[in-house]
Structures are given as C-alpha cells and as structure tokens.
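A quick write-up on the structure given underneath.
The values are calculated or read from the model by the stated rules, or taken from the named source; none is laboratory data. All of these numbers come straight from a predicted model, not from anything done at the bench. Cβ: placed from backbone, ideal geometry, glycine included. Neighbour counts: every protein chain shown. Calculation scope for accessible area: heavy atoms of the full protein, side chains included, ligands and nucleic acids excluded. Shrake-Rupley method; radii C 1.70, N 1.55, O 1.52, S 1.80 Å.
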Amino acid sequence: MQYRRLSHSSLNVSQICLGTMTWGAQNTQTQAFEQLDYAIGEGINFIDTAEMYPVPPEAETQGETERILGNYLKQRGNRDNLIIASKVAAPGGKSDYIRPNMALDWRNIHAAVDASLERLQLDTIDLYQIHWPDRNTNFFGELSYNQIDEHEKQTPIIDTLEALADLVKSGKIRYIGISNETPWGFMEYLRLAEKHDLPKIVSVQNPYNLLNRSYEVGMAEISHREEVPLLAYSPLAFGALSGKYLNDQWPEGARMTLFKRFARYTGTQLALDATKAYVELAREFNMSPAQMALAFVNSRKFVASNIIGATNLEQLKENIDSVNCAISPELQLRLDELALLYRLPCP
C-alpha cells in the first residue's frame, strides 16, 4: 500500500480509501467490522463516511453508518492509526429530514459535526467535507446548468467557510474538503479562503471512473496547479465496470439489482456499449475488469486516494489488490482510444 500526503495538511492517506455507504443497509455491523479488519490489515488507514449514510438515504437509517464505525473504533481502540473523514449534507430531497431548515450555514454545520462526533464516539474528525453544494448548479450526473437570476435559495460559500473555520479553531475538525463540486465552486472556496485568511480545502471528492472522466475537463488542472487532489468515488461506476450487469444480468443481492434507482451507469445503450468495450479490453490484457478500472484511477496523478466500497470480503480483496496492478503504456493507449470513442458516456 502506498500513501500520499494531502497538500496543505499533515494527512498521509492510503492510496485506497475504504468507503462505508453500504453499512447499515446492505451490510450489518458484523460485516462492516470484517471489512475494516481486513482493509486495515492490508494497509488502509483512510475511512470515508457521511452523516447521510447509508445509501439509499432513508430517515429510518440516517447516521447508522457513522454509528457502526464509531462502535468499531471504540471496540478495537485503533482510532489513532486511522484518518476518519465525514461529510455534512446540504439541502435537497435526499436529506431534508436530517434537520429542519437545512442549509450549509453556521447552525447546520455545527449541529451536523456535533451529531457526527457523538455517533463516531470521537473528539475530532480528521477531514470534514461539504457533501454537495448549497446552490443551484449541476452535480450528481446533471449536465445542464439552469440559470436562476432572482430569488435563488443558497448559502454563500463565505458563510460555509466561516462556520468550518470556527470548527477547525475549536478542534472538532482538523481539515476541510468539498465534494460533488464544479470548477467555479472549487475556485471560489480557494479564493475566499485566501482573501479572508480562512482554512484552505485540502481535497475534492467527486466521481471519477472510466465511464465518467468529466473531472479531467475542468477540475483536474485546478487539482494540479492548486495542489488540492481528488478523492475519487464510484471508481467502479456502482459496480458496472466489473461487467456483472452486462447482457441484462442482475445478480442477486447486487447494488443495482436491489436499487434500480441507481441507473447512472447502466441507463443508456451508450453506457452499456462502453462498459462492454472496457470489460473486453481488460480480458484481452489478462486483467479482471474491476482491477483494471481501479488501477486506472490509482494511476492518475491528480488522485490522492481511490474510494472503494464492497458488500463482501471477496469483492473487497479484489478491489484492494488493484494496488498491485499496473497500467502499461500500451493499455493506457487503448484506454484513451476507447475514451475518445465513448466520450463521457456517464457524466
């Protein structure tokens, strides 16, 4: 396992990060503990969660993932060896049940941190992230930006940054990051932090995979030049890049079998054709499709950590072992050829 420092911080995160959003829905606490034990044994020191988890988000299960992780940290007593990341939810139909009058303002962010710390049974969260923007913009796969000139409901980013700065000062969080952001939002966080001497974001958590390389268009250059790397989520496109959903297969217990609402990576013929091409390419190079897809993300210079998720130990072992898989120059050339042929099939 390799480790990469998040610039502007003291955090050295493992190349693979363990994602947790299935815990409390698809996975029990016992299964989550097994995943954690195995991942940590393989050198993973970075665990990512959120107040909204598990996913699909439901009022009845909200916060359960953090509670499971908190129980693990208390039982194993290994918190000091790990980097714990969590996120605050923004307004929207996916989260409005969490708190009344949701916003990314001082009241909501402080309430969210306090609740997460209680569930996690911690005094400090190492990396605290804004889960998605509190303004009208395009994220979660939306391509079209719809301009609203009047009466747009939003929390100014400066208000969000000042609330986070207060939490850093109090010691409840160490560093801050953003998630599901756009280039404008990315630069605005950086600009306001410099202008007002506020904490600088140290990471961006956005989707990135072979079916969705949109981060390369407007975000990767910012990551490079401002030294704020990507924490890549959905590197397997919700499991689609493993090939298990091809030919109209719906494996029992698989995520997109259980939750048909997640059609971002399987909902069009273009997505299916691109997936089939990548799966066939992996087999041509004698690689498992999942490991090739993960190794591609691992190889990107602007990626600090690759956030994997699994519902069983077999998947977890295969995913973590991607650190031992290399993308050869010949394979990279073929991957880029497919990227041109299937241009952003699933943004």
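Miscellaneous remarks
- Pair list, Cβ under 8 Å, 6 or more apart: the stretch 223-246 residue at positive phi, other residue open to solvent by less than 20 Å² (accessible area, probe 1.4 Å) and polar (S, T, N, Q): SER234/ASN209; SER234/ASN212; ALA237/ASN209; ALA237/ASN212; ALA237/THR275; GLY243/THR275
- Number of the condition not met by ASP149 [criteria: (1) acidic (Asp, Glu); (2) open to solvent by less than 40 Å² (accessible area, probe 1.4 Å); (3) over 20 Å from LYS169 (Cα atoms)]: (2)
Okay, residues lined up against (1) assigned to a helix (DSSP H, G or I); (2) out of contact with any Leu (no Cβ under 9 Å at 6 or more places or on another chain); (3) modelled with pLDDT of 95 or more; (4) surrounded by 13 or more Cβ atoms within 10 Å (Cβ to Cβ):
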position: SER305; (1), (2), (3), (4): no, no, yes, yes
position: LEU316; (1), (2), (3), (4): yes, no, yes, yes
position: SER322; (1), (2), (3), (4): yes, no, yes, yes
position: GLU330; (1), (2), (3), (4): yes, yes, yes, no
position: LEU333; (1), (2), (3), (4): yes, yes, yes, no
position: LEU338; (1), (2), (3), (4): yes, no, yes, yes
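- Qualifying residue in the stretch 3-16 (condition: out of contact with any Phe, Trp or Tyr (no Cβ under 9 Å at 6 or more places or on another chain) and either buried (at least 17 other Cβ atoms within 10 Å of the Cβ) or in a helix (DSSP H, G or I) (or both)): no
- Residue in the stretch 45-55 that is at pLDDT 95 or above, open to solvent by 60 Å² or more (accessible area, probe 1.4 Å), in a loop (DSSP other than H, G, I, E, B) and over 13 Å from ASN306 (Cα atoms) present: no
- Exclusive hit being among the charged types (D, E, K, R) and closer than 24 Å to LYS153 by Cα, set ARG107, ARG79, ARG67: ARG107
- From the options TYR128, TYR175, residue that is under 22 Å from ARG5 (Cα atoms) and either modelled with pLDDT under 95 or open to solvent by 40 Å² or more (accessible area, probe 1.4 Å) (or both): TYR175
- Yes/no for VAL323 being of a type in the set (Val, Ile, Thr) and within 22 Å of ALA39 (Cβ to Cβ): yes
- Residue selected from the stretch 58-82 under the condition open to solvent by 50 Å² or more (accessible area, probe 1.4 Å) and small (Gly, Ala, Ser), by the criterion nearest to GLY43 (Cα to Cα): GLY77
- When GLU162 is tested against (1) assigned to a loop (DSSP other than H, G, I, E, B); (2) open to solvent by 80 Å² or more (accessible area, probe 1.4 Å); (3) acidic (Asp, Glu); (4) under 22 Å from SER86 (Cβ atoms), only condition (1) is not met.
- Restricting VAL168, VAL204, VAL217 to those that are within 21 Å of the chain's Cα centre (by Cα) and open to solvent by 40 Å² or more (accessible area, probe 1.4 Å) reduces the list to VAL217.
- The residues of the stretch 80-98 that are modelled with pLDDT of 95 or more, in a loop (DSSP other than H, G, I, E, B) and more than 19 Å from the chain's Cα centre (by Cα) amount to a single one, ILE98.
- Of the residues making up the stretch 294-303, those that are open to solvent by less than 20 Å² (accessible area, probe 1.4 Å) and either in contact (Cβ under 8 Å) with a residue 40 or more places away in the chain or of a type outside the set (A, V, I, L, M, F, W, C) (or both) are LEU294, PHE296, VAL297, ASN298, VAL303.
- ALA25 in contact with a Pro (Cβ under 8 Å, 6 or more places away or on another chain) and either of a type in the set (Val, Ile, Thr) or not in a helix (DSSP H, G or I) (or both): yes
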